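Undergrad: Structure incoming, see below.
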Amino acid sequence: MQFVDEVEITVKGGDGGNGIVAFRREKFVPHGGPSGGNGGRGGNVIIEADSKLNTLVDLRYKKRYVAERGGDGGPNDKHGKNGEDLVLKVPVGTVVYEADSGRMIADLARHGARCIAARGGEGGRGNASFATSVNQVPRFAEKGEPVEPIRIRLELKLLADVGIIGYPNVGKSTLISRISSAKPKIADYAFTTLVPNLGVVSVDDRSFVVADMPGLIEGAHEGAGLGDQFLRHIERTRLLVHMIDVSGFSGRDPMRDFDTINKELSAYSDRLAALTQIVALNKIDMPASGEIVAAVKPDLEARGLEVFEISALTGHGIQPLVYRIAERLDSLPRTEEPVEEVARFTVDREAESWQVRKVGEGRFEVTGRPVEILVARTDIDNEYAFRRLHGQLEKMGVIKALKDEGAKHGDVVTIRSVEFDFWDEA
Ligand SMILES: Nc1nc2c(ncn2[C@@H]2O[C@H](COP(=O)(O)OP(=O)(O)OP(=O)(O)O)[C@@H](O)[C@H]2O)c(=O)[nH]1
Ligand SMILES: [Mg+2]
């Protein structure tokens, strides 16, 4: 039985730290050399597969994960601290997708496999880095690279190890709610459970996945009570816990129901019929149960079945049952083929293209990551930094493209919601 556990979260790398403007102060030297250090790199958001985990439930509660920002540079060429990576642990077998495009980022098929889901920004360079023979005292620094948040979807296909089966109302959902964190609907009428519920049961350092099935009735293999759909689900489990109601309350013959269900399993498939079964006699807290246990237990044991007496309601007898399930699973091979390992990918950088657009009379807009990043990393209020930006835009061909679109001196150019006066002295 396969369950798909799915969660969508937003991840963002840390922004890069800013480079700073500073000058060395030396005795008797009025203008020391530039000494502003570089900003640190922002941390990455990394997703790592860990075999100790079983579900994605830990990521359900928090929707946004941001890695640490890089520290700003300091005077005396001091480099800013790199931001710490943020590592999110997920179960082995988790596949990571970009939510919007649906593109697969990574298939984390082995313990320890990791991928970078969101890259941290680069640190900005301090003014010391810009010193050249022509400009020995640069008075500007670069800001850190800001990075955008990314929505990702994590998907995990879970295989249930154990199926809990039995006639309607015998207490299957009550049992799973007691041994795992699953919260199924429980009610005192048949067919409360309409879709299988999934729970993860932890026993010491091991854990296994249990599926609580809707009740099965006669004719299930032909579709009665939607039985055929449910039977298909439990076919891939490794072990069945077959529950019997011994409260004496239902007025039914519990052994007849037990046999009916086993006939349905055989009629459906050999594989289902061959699955190991452990019997749980449930509701032993009820006064009439002693008599019924005495009547059915010898019969079941004579058939070579292991029988446990429990009360899913009070919890009585559940511990030994759970330990036994874990023990039996150890010797039952997994029926699924191991997941094949798929190469790891990382999110690549956005396309390196930009566009110029006329948006109105005397108004233009430039969009595209490389240009927007340049602006974001420029300290616009600093005249020197601003001049450098102009030079860079010129080199990239942006100024020419603006002229080609008809931009004239004094027109307004918007880049990343910053408005510039177009500056063309020619
Ligand atoms: N006294 C007693 N009642 C129980 C016990 N376990 C379950 N019940 C009750 O039996 C009723 C049915 O329980 P469920 O857990 O919903 O049974 P189910 O087998 O999941 O039922 P379906 O989903 O309809 O097949 C509920 O009223 C439970 O409270 C038990 O150990 N003792
Ligand atoms: Mg149920």
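The values are calculated or read from the model by the stated rules, or taken from the named source; none is laboratory data. Values in this document were obtained by computation on a predicted structure and should not be read as measured data. Neighbour counts run over all protein chains shown; Cβ positions are idealised from the backbone, glycine included. Just the protein is used for accessible areas: all its heavy atoms, side chains included, with ligands, DNA and RNA removed. Shrake-Rupley method; radii C 1.70, N 1.55, O 1.52, S 1.80 Å.
Undergrad: How long are the semi-axes of the equivalent ellipsoid of segment 161-330, taking √(5λ) for every eigenvalue λ of the Cα gyration tensor, in whole Å from largest down?
TA: For segment 161-330, the semi-axes come out at 20, 20, 16 Å.
Undergrad: Scan around Glu306 for amide H atoms under 5 Å from its own, H built in the peptide plane at 1.01 Å from N, and keep only partners 5 or more places away or cross-chain.
TA: Those lying under 5 Å, H to H, from Glu306 are Val279.
Undergrad: What number, in percent, do you get for the relative contact order of the chain if the mean sequence gap of Cα pairs under 8 Å and at least 6 apart is divided by its residue count?
TA: 15 percent
Undergrad: Let me ask another. Can you grab the distance from the C-alpha centre of segment 186-258 to the C-alpha centre of segment 64-101, Å, no decimals?
TA: 45 Å
Undergrad: Could I ask something else about it? Just in segment 147-184: which trypsin sites (Lys or Arg not before Pro) are loop by DSSP and have at most 14 other Cβ atoms within 10 Å?
TA: Passing sites in segment 147-184 do not exist.
Undergrad: Let me know the volume per residue of the alpha-carbon convex hull for segment 2-157, in Å³.
TA: Output value, Cα hull per residue: 123 Å³.
Undergrad: Here's another thing I want to ask about it. Taking a probe of 1.4 Å, how large is the accessible area per residue of segment 355-421, in Å²?
TA: 56 Å²
Undergrad: Going down the list Lys89/Lys183; Lys143/Lys358; Lys358/Lys403; Lys172/Lys283, which pairs span over 21 Å between their C-alpha atoms?
TA: Lys89/Lys183; Lys143/Lys358
Undergrad: Something else now. At Val137 and Glu306, where each label point lies 7 Å from the Cα along Cα→Cβ, what is the point-to-point distance in nanometres?
TA: About 8.4 nm, to one decimal.
Undergrad: Given R₀ = 45 Å, FRET efficiency for Lys157-Ala294 by Cβ-Cβ distance, to 0.05?
TA: Efficiency, from the Cβ-Cβ distance: 0.55.
Undergrad: Turning to a different aspect of this structure: Report, to the nearest whole %, how much of the accessible area of the chain belongs to carbon and sulfur atoms, 1.4 Å probe, protein only.
TA: With neighbouring chains kept in place, the figure for the chain is 49 percent.
Undergrad: Where a Cα-Cα gap under 20 Å defines reach, which aspartates and glutamates qualify for Lys408, not counting those fewer than 8 residues away within the same chain?
TA: Glu361, Glu365, Glu394, Glu419, Asp421, Asp424, Glu425
Undergrad: Also, quick follow-up: Over segment 355-421, what is the mean sequence separation of C-alpha contacts under 8 Å (at least six apart), divided by residue count, expressed as relative contact order in percent?
TA: 42 percent.
Undergrad: Also, I was wondering about something else. Which distance in nm do the two modelled labels at Met255 and Val412 give, with both placed 7 Å along the Cα-to-Cβ direction?
TA: 9.0 nm
Undergrad: Considering amide H positions built from the backbone, and no H for Pro or chain starts, which residues 5 or more places from Ile46, or on another chain, come under 5 Å of its amide H?
TA: Close amide H contacts, sequence-distant or interchain: Leu86, Val87, Leu88, Ala117.
Undergrad: Follow-up. Can you give me the long-range amide H partners of Thr94? Hydrogens built in the peptide plane at 1.01 Å from N, cutoff under 5 Å, separation of 5 or more residues or another chain.
TA: Hits under the 5 Å cutoff: Leu108.
Undergrad: Ok, one more. Under unit Cβ charges (Lys, Arg +1; Asp, Glu -1), what dipole magnitude, rounded to 20 debye, does the chain have relative to its Cα centre?
TA: The dipole of the chain has a size of about 1280 debye.
Undergrad: If you take the alpha carbon radius of gyration of the chain and divide it by 2.2 N^0.38 Å, what ratio comes out, to two decimals?
TA: In units of the globular-protein estimate, the chain measures up at 1.50.
Undergrad: Karplus couplings for segment 65-75 from phi (6.51 cos²θ - 1.76 cosθ + 1.60, θ = phi - 60°), rounded to Hz, Gly and Pro as x?
TA: 3J(HN,Hα) across segment 65-75, in whole Hz: 10, 10, 7, 5, 6, x, x, 6, x, x, x.
Undergrad: Hey, what's segment 2-157 come to in accessible area per residue, 1.4 Å probe, Å²?
TA: Value returned for segment 2-157: 49 Å² of accessible area per residue.
Undergrad: Which number do you get for Rg(Cα) / (2.2 N^0.38 Å) in segment 355-421?
TA: For segment 355-421, the normalised Cα radius of gyration is 1.02.
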